[in-house]
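Okay, so here's the structure we're looking at.
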Amino acid sequence: MRRFAPVPIALLLWAALIVPAAAQDLTGTLKKVKETGAFTVGFRESSIPFSYLDDKQQPIGYAMDLCMRVVDAVKADLKMPNLKVNLQPVTSSNRIPLLQNGTIDMECGSTTNSVQRQQQVSFGPTYFVINITAVVKKSSNINSVVELNGKPVSTTSGTTSVAEIKKLEKLKGVNFKEIYGKDHAESFLLVADDRAVAFIMDDILLAGQVANSKNPGDYRILPDVLRTEPYSMMLRKDDPQFKALVDKTVGGIMKSGEIEKIYAKWFTSPVPPKGLNMNFPMTPPIREAFKNPNDKGV
């Protein structure tokens with residue numbers, strides 16, 4: 001019988017540590033997901049067409065499509081094809097706290113990537129660029145934001161539009177009577193029910209609310225631009241491993257040109273559940289964001 005030299009104990013210990021070491025290399029969100037076996041996506045209930053509920057009360061939308069591609073990348077990266085995916089509704093007010101405390105692992109909606117927010121969270125590549133403006137009823141005969149002086153206007157709590165309203169008041173000397181809705185649907189309803197004269201928000205979200213209203217022809221979006229802002233998926237801060245996976249996944253979709261089909265599906269085609277069409281072709285800033293993926297805030 002052939003004899004084998006004894007294997008040094010140190011070598012055996014090193015071999016035993018190989019698998020655990022690989023697991024220990026994971027950090028942040030990926031480590032949490034590996035340990036819990038679940039990934040939680042935060043979504044919005046009325047941010048049409050980014051993230052909203054369909055007729056079966058399931059979250060769908062442009063942002064959701066991109067986020068689910070990230071989920072697929074997480075499954076592949078961690079070799080967890082049966083990873084449990086949880087869906088958690090969030091609002092403008094609680095989305096950041098729920099991300100920070102680990103309730104959700106990524107927020108998918110219509111969130112502005114701002115320098116101020118970057119102090120608390122991180123962002124993936126910009127997937128949309130908007131202008132903050134206002135929607136009014138045509139019957140109001142209001143043609144500019146400054147004409148809203150002294151009148152009640154609505155906006156959604158926890159959004160960057162709140163700061164823009166305050167800034168405009170100081171700069172132009174106008175005085176709005178702000179009414180806050182908990183989400184975009186409620187803020188728009190304040191105008192529809194004549195409790196507010198205007199709803200100040202991102203142009204594409206206003207377009208979505210108008211298209212989803214009973215009488216879309218009753219409204220007009222003002223030409224004023226209070227600020228231009230980039231949208232992106234929100235991630236936990238100081239989590240380079242997960243952010244690198246998000247950047248690679250979403251950036252790859254943009255650079256390959258696949259983003260063109262996804263964009264057309266949600267912004268220039270009828271979307272469920274009512275077959276609404278945003279009729280919102282790509283603007284030059286959006287095309288530039290797709291051409292050169294980045295996470296720059298405003």
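I want to confirm something. Restricting to the stretch 271-292 and keeping residues that are open to solvent by 90 Å² or more (accessible area, probe 1.4 Å) and at pLDDT 95 or above, which single residue is nearest to Lys56 (Cα to Cα)? Reasoning before the result, please.
Restricting attention to the stretch 271-292, the residues satisfying the condition of being open to solvent by 90 Å² or more (accessible area, probe 1.4 Å) are 274, 279, 284, 287-288, 291.
Applying the additional criterion that residues be at pLDDT 95 or above yields 287-288, 291.
Numbers: Arg287: 33, Glu288: 35, Lys291: 35 Å.
By that ranking, first place goes to Arg287.
For every residue, the table says whether it meets (1) under 30 Å from Val153 (Cα atoms); (2) within 18 Å of the chain's Cα centre (by Cα); (3) without any contact (Cβ under 8 Å) to a residue 24 or more places away in the chain; (4) part of a helix (DSSP H, G or I).
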site	(1), (2), (3), (4)
Gly208	yes, yes, no, yes
Ser213	yes, no, no, no
Asp224	yes, no, no, no
Thr228	yes, yes, no, no
Ala244	no, yes, yes, yes
Thr249	no, yes, no, yes
Met254	no, yes, no, yes
Ile259	no, yes, no, yes
Tyr263	no, yes, no, yes
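In this structure, does Leu171 turn out to be among the aliphatic types (A, V, I, L, M), without any contact (Cβ under 8 Å) to a residue 60 or more places away in the chain, open to solvent by 40 Å² or more (accessible area, probe 1.4 Å) and on the phi < 0 side of the Ramachandran plot? Give the derivation first.
Working: among the aliphatic types (A, V, I, L, M): yes; without any contact (Cβ under 8 Å) to a residue 60 or more places away in the chain: yes; open to solvent by 40 Å² or more (accessible area, probe 1.4 Å): yes; on the phi < 0 side of the Ramachandran plot: yes.
Yes, satisfied.
Pairs only if they're at least six apart or on different chains, beta carbon under 6 angstrom, first in the stretch 115-131 and within 23 Å of Thr283 (Cα to Cα), second acidic (Asp, Glu) and open to solvent by less than 10 Å² (accessible area, probe 1.4 Å); list them, first residue then second.
Ile130/Asp202; Ile130/Glu229
The values are calculated or read from the model by the stated rules, or taken from the named source; none is laboratory data. Remember, predicted model here, so these are calculated numbers, not experimental data. Because the Cβ atoms are built from the backbone with ideal geometry, glycine has one as well, and the counts that use them run over all protein chains shown. All accessible areas refer to the heavy atoms of the entire protein, side chains included, with ligands and DNA or RNA removed. Shrake-Rupley method; radii C 1.70, N 1.55, O 1.52, S 1.80 Å.
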